[in-house]
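What follows is a set of notes on a single structure, which appears directly below.
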Amino acid sequence: MYNCFYVLSGNNNATYIFNTSHWFAIKESLKFYRAYTFKGKLQKSILTYFLFVVGKFFPSICKSKDAITIYLKEHIKSDVDFDLDENSSVLISPTRDKVIVNHHEQYFHKFAFGKSFKKVQNETDSYKLLQNSKEFQVPSLMNLKIDEQLSFCSFKLMNPPVNTNDQLKVIDNLQEILVEFFNSGAIKKTVKLTDYMEDLLKRFHSLNILPTDDLTSYLEKIQKEHNTETMPLGLVHRDFKPWNTLLRDTLLIFDCEEAIFDGPPLEDLFNFYIDPKIRYFSPSKLSNSILSEKKILLYEDYLKRLEINVHYLVLLFTYLLERIIFWYNENNPETLQAYRSFLEYLIQQNKFEV
């Protein structure tokens, strides 16, 4: 059996199983590695050539398909058939309860166990709901299997065909796309802003994160000045950022594991611009980026399309609180602290003044 699989552990504790059999296989394997910073792109380029050298000159340090099949079963502690072949590559999640097999240029096969089961099942529900979207695309869901104990599921995702002569270069209607996404939810619900804020505060305080005096004062101010305003709740991706999208004929959106059907407006648009930068930009630099005149026009257009009167700055404030809660529940203190520092900076700089 030809040895072509090279196993590498990432900095995020995920495990990457690259296919080194030829140049195209290496490039396909690296679809799991989405690089956006200069440093990340440089590392990806170095890794590409490293894998090429390994496959061509040192195949003895690689593993066969049968060896990888055994490796997966040992590390996932499951007898599931992972549908591996010699034209595929694999990603194992840091939590070891999710496996994604990339069948190069054909489909992705996703397996979820234990704690990841509910998230992945949530993802399948989202894909079913979004199959007929006009402004964007989602992968086709096939061969969904759920065991009787509701502890394991698997499914195949096939990306829509792309017209390479008409491929998008930039996303010039992101707010329009996310308005349709928001409106695609099965639940149609409108709430008072103050009621939503009260629930948000309860969830925040339940984390025992000590709020600053400035934070408490601003919360009280919002509740006092916006007590008559309402807003709709809708479908929110909750992990919407560049590496969960692909630029094709229309935008391809995937990885909807965190999606909720009663989320607040603007959260996905803020997340697209903030989350990739929050750990790497200073609060002042990030503030200048997301509160630029161009970005503000996008926020205002999004709210106008949804006929929402709530100011985008109020929703930016609630978004940051939601992110703090989200990253606390994900047990990611570094990202949680980055969001908290940014929120406190904006309050201290009076950036939320409407």
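Kindly provide the set of residues from the stretch 73-111 that are touching a residue at least 24 places away in the same chain (Cβ under 8 Å) and aliphatic (A, V, I, L, M), ordered by number. Outline the logic, then answer.
Here is the first cut: in the stretch 73-111, the ones touching a residue at least 24 places away in the same chain (Cβ under 8 Å) are 75-76, 78, 80, 82-83, 86-94, 99-100, 102, 104-111.
Matches in the stretch 73-111: 76, 80, 90, 91, 92, 99, 100.
Out of 148, 135, 123, which single residue is of a type outside the set (A, V, I, L, M, F, W, C), touching a Cys at 6+ places or on another chain (Cβ under 7 Å) and either at pLDDT below 90 or surrounded by 13 or more Cβ atoms within 10 Å (Cβ to Cβ) (or both)?
That would be 123, the only listed residue that is of a type outside the set (A, V, I, L, M, F, W, C), touching a Cys at 6+ places or on another chain (Cβ under 7 Å) and either at pLDDT below 90 or surrounded by 13 or more Cβ atoms within 10 Å (Cβ to Cβ) (or both).
From 278, 290, 274, 296, grab the single residue that is hydrophobic (A, V, I, L, M, F, W, C), surrounded by fewer than 16 Cβ atoms within 10 Å (Cβ to Cβ) and not assigned by TED's automatic domain parsing to the domain that holds residue 124. Break it down into steps so the answer makes sense when it comes.
Details: 278 fails: surrounded by fewer than 16 Cβ atoms within 10 Å (Cβ to Cβ); 290 fails: surrounded by fewer than 16 Cβ atoms within 10 Å (Cβ to Cβ); 274 fails: surrounded by fewer than 16 Cβ atoms within 10 Å (Cβ to Cβ).
Only one candidate passes the filter, namely 296.
Based on this model, can you work out whether residue 101 counts as under 19 Å from residue 259 (Cβ atoms) and touching a Ser or Thr at 6+ places or on another chain (Cβ under 8 Å)?
no
Kindly establish whether residue 15 is under 30 Å from residue 332 (Cα atoms), out of contact with any strand residue (DSSP E or B) (no Cβ under 9 Å at 6 or more places or on another chain), among the β-branched types (Val, Ile, Thr) and in contact (Cβ under 8 Å) with a residue 60 or more places away in the chain.
no
Starting from the stretch 177-193, take each residue that is over 16 Å from residue 126 (Cβ atoms) and list its partners that are of a type in the set (A, V, I, L, M) and part of a loop (DSSP other than H, G, I, E, B), counting only C-beta distances under 8 angstrom and pairs at least six apart or across chains.
179/306; 193/310
Report, ordered by the first and then the second residue, all pairs with beta carbons closer than 7 Å, sequence separation of six or more or different chains, a first member in the stretch 140-165 that is on the phi > 0 side of the Ramachandran plot, and a second member that is in a loop (DSSP other than H, G, I, E, B) and at pLDDT below 75.
From residues that are on the phi > 0 side of the Ramachandran plot, there are no pairs.
Which residues, counting only those in the stretch 287-317, are in a helix (DSSP H, G or I) and either of a type in the set (A, V, I, L, M) or on the phi > 0 side of the Ramachandran plot (or both)?
First, the residues of the stretch 287-317 that are in a helix (DSSP H, G or I): 287-290, 293-305, 312-317.
Of everything in the stretch 287-317, those that are in a helix (DSSP H, G or I) and either of a type in the set (A, V, I, L, M) or on the phi > 0 side of the Ramachandran plot (or both) turn out to be 290, 296, 297, 298, 303, 313, 314, 315, 316.
Kindly indicate which of 120, 170 is among the hydrophobic types (A, V, I, L, M, F, W, C), touching a Lys or Arg at 6+ places or on another chain (Cβ under 8 Å) and not in a strand (DSSP E or B).
Details: 170 fails: touching a Lys or Arg at 6+ places or on another chain (Cβ under 8 Å).
Just one listed residue meets the conditions, 120.
The values are calculated or read from the model by the stated rules, or taken from the named source; none is laboratory data. No experiment lies behind these values; they were computed from the predicted model shown. Positions of Cβ are generated from backbone atoms using ideal geometry, with glycine treated the same way; all protein chains shown enter the neighbour counts.
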